[in-house]
1. Answer yes or no as to whether residue 27 is at pLDDT below 90 and open to solvent by 70 Å² or more (accessible area, probe 1.4 Å).
2. Consider only pairs whose beta carbons are under 6 Å apart and that are at least six residues apart or on different chains; among these, list those whose first residue lies in segment 32-56 and is without any contact (Cβ under 8 Å) to a residue 12 or more places away in the chain and whose second residue is hydroxyl-bearing (Ser, Thr, Tyr) and surrounded by 10 or more Cβ atoms within 10 Å (Cβ to Cβ).
3. For segment 17-34, which positions are within 14 Å of the chain's Cα centre (by Cα) and not hydroxyl-bearing (Ser, Thr, Tyr)?
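The values are calculated or read from the model by the stated rules, or taken from the named source; none is laboratory data. Quick caveat, the model's predicted, so the values are computed rather than measured. Here the Cβ is made from the backbone with ideal geometry for all residues, glycine too, and neighbour counts use every protein chain on show. For accessibility, only protein heavy atoms count, side chains too; no ligands or nucleic acids. Shrake-Rupley method; radii C 1.70, N 1.55, O 1.52, S 1.80 Å.
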Amino acid sequence: MFNESPKCQVCGREIEGGELVELQMRYPKRKGFAEVKAYLKLEAKFTCDACSKSKK
């Protein structure tokens, strides 16, 4: 679960480092957090650039 890389919620393709993505997430309640990547993996839903462009 924690070592899995994030996947696109539309096509299921793995999101790679440096790739443009669209995120769907709730704004955090807490003021600060240090581990942004870990927070995004747990709280966000990713959509790859290709799927987000075809959706619009």
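1. Considered against the rule, which asks whether it is at pLDDT below 90 and open to solvent by 70 Å² or more (accessible area, probe 1.4 Å), residue 27 comes out as yes.
2. 33/39
3. Result: 17, 18, 19, 20, 21, 22, 23, 24, 25, 26.
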